[in-house]
Amino acid sequence: MGFQDIRKDIKVLGVGTAKDRALLISVWAAAKELGLPVNIVLVSSLERILESGVGAIPALVIENRVVCEGRLPAVTEIIDLLRQNYPLHA
């Protein structure tokens, strides 16, 4: 079993703090553990962050949907979020 072969878009919204960078690293680790091909982007432009509608940063956006904001989720939680958004196929 594996994930679909299309690269997925994941964004970490933040202004470059240690928490923002930690979320970026955690997302990368979760995607790597799952073997999920992703494009992970750190969005640090205040204008783009405000346009996204998040109430707090850091925030995690998967396929243009905010799935976590204002906290640093554990890698295991990020893995669960990735599995929910990118179901496995046979």
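Please treat every number below as a calculation from the coordinates, not as lab data. Remember, predicted model here, so these are calculated numbers, not experimental data. Positions of Cβ are backbone-derived with ideal geometry, glycine not excepted, and every protein chain shown enters the neighbour counts.
Some notes on this structure:
- Counted residues, the stretch 33-51 - those being surrounded by 13 or more Cβ atoms within 10 Å (Cβ to Cβ) and either of a type outside the set (A, V, I, L, M, F, W, C) or over 16 Å from the mean Cα position of the chain (by Cα) (or both): 3
- Scan of the stretch 69-78 for residues that are buried (at least 18 other Cβ atoms within 10 Å of the Cβ) and either of a type in the set (Gly, Ala, Ser) or part of a helix (DSSP H, G or I) (or both), ordered by number: Ile78
- For the stretch 11-18, the condition holds for no residue, the condition being that it is at negative phi, assigned to a helix (DSSP H, G or I) and surrounded by 14 or more Cβ atoms within 10 Å (Cβ to Cβ).
- Subset of the stretch 50-68 (residues that are in a loop (DSSP other than H, G, I, E, B) and in contact with a helix residue (DSSP H, G or I) (Cβ under 8 Å, 6 or more places away or on another chain)): Ile57, Pro58, Glu63
- When each of Val41, Val27 is tested for being touching a residue at least 24 places away in the same chain (Cβ under 8 Å) and in a strand (DSSP E or B), the lone residue that passes is Val41.
- So Leu81, is it in a loop (DSSP other than H, G, I, E, B), without any contact (Cβ under 8 Å) to a residue 60 or more places away in the chain and surrounded by 15 or more Cβ atoms within 10 Å (Cβ to Cβ): no
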